[in-house]
Amino acid sequence: MAVERTLISVEAFDEFIQRADLGDRIFEYIAGEFIEAPSNPFVSAIAAKIIYFFHAFLAQNPIGRVTGEAGLYNVAGERYAPDVAYISKARQRELARQGANPNPSELAVEVISDEDSAQEQRELRLKISSYLAVGTIVWVVYPVSQWVEVHHPGKPAQLIGVDGTLDGGDVLPGFTLAVRAIFED
């Protein structure tokens, strides 16, 4: 049985997210639909740890900015709120002060809330396609499995286990992060 979906315009979404009654809830616009971003304290703590490592690096190398899950980005006409995102000062000097950032991030980190959720995986695959289409590198963090799926535009995905190391490549030159450090208590 097919599920009927009601699609809305990106303009309607942009208007919707300005509502004061939404509180701390985070919404994304994926494939014409409003989607409330899944999260929980465990996922948020992992994202915060990654943000910490990015900030520590950027304090010594002030080449860009990092945002958390409330940072909304325009990605190929859609609106995504990655758990962690990096954008260089060369790409955009200042971040948007309201609404979605007009430029996509150069590196997006998505932390999976529920590794068994088919819906979360479906939405994630749509986002990865759009991210890659605009040149964004994507790290997908699987907290239970303790591995990271790395997507670079034009290259096959890589799985990096708990004993591996992530690097910023050309986007964040010199940055490295041991996968183990993401999951340590």
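The values are calculated or read from the model by the stated rules, or taken from the named source; none is laboratory data. Everything quoted here is computed from the prediction, not taken from an experiment. No Cβ is skipped: glycine too gets one built from the backbone with ideal geometry, and neighbour counts run over all protein chains shown.
Descriptive notes on the structure:
- Filter result for residue 162 (modelled with pLDDT of 95 or more, farther than 26 Å from residue 22 by Cα, touching a helix residue (DSSP H, G or I) at 6+ places or on another chain (Cβ under 7 Å) and of a type in the set (Val, Ile, Thr)): yes
- Scope region 102-126; condition hydrophobic (A, V, I, L, M, F, W, C) and either out of contact with any Ser or Thr (no Cβ under 6 Å at 6 or more places or on another chain) or at pLDDT below 90 (or both); matching residues: 107, 109, 111, 112, 118, 124, 126
- Any hit, region 6-20, residues being free of Cβ contacts under 8 Å to residues at least 60 places away in the same chain, farther than 30 Å from residue 145 by Cα, hydrophobic (A, V, I, L, M, F, W, C) and part of a loop (DSSP other than H, G, I, E, B): yes
- Hey, residue 166 assigned to a strand (DSSP E or B) and surrounded by fewer than 18 Cβ atoms within 10 Å (Cβ to Cβ) or not: no
- Filter result for the condition that a residue is in a helix (DSSP H, G or I) and crowded, with 20+ Cβ neighbours inside 10 Å, over 85, 47: 47
- A single member of 153, 104 is in contact (Cβ under 8 Å) with a residue 12 or more places away in the chain, outside any helix (DSSP H, G or I) and surrounded by fewer than 16 Cβ atoms within 10 Å (Cβ to Cβ), and it is 153.
- Pairs, first closer than 12 Å to residue 112 by Cα and free of Cβ contacts under 8 Å to residues at least 40 places away in the same chain in region 26-51, second in a helix (DSSP H, G or I) and aliphatic (A, V, I, L, M), C-beta under 7 Å, six or more apart: none
- Among the residues listed as 58, 22, 72, the single one being modelled with pLDDT of 90 or more and more than 21 Å from residue 126 (Cα to Cα): 58
- Cβ-Cβ contacts under 6 Å between residues 6 or more apart (or on different chains), taken from a first residue in region 157-185 that is more than 19 Å from residue 58 (Cα to Cα) to a second residue that is of a type outside the set (Val, Ile, Thr), are listed as 157/149; 157/151; 159/147; 159/149; 161/147; 162/146; 162/180; 183/146.
- Residue in region 140-150 that is in contact (Cβ under 8 Å) with a residue 60 or more places away in the chain, under 15 Å from residue 109 (Cβ atoms) and touching a strand residue (DSSP E or B) at 6+ places or on another chain (Cβ under 6 Å) present: yes
- Hits in region 88-101 (condition: modelled with pLDDT of 95 or more and assigned to a strand (DSSP E or B)): 88
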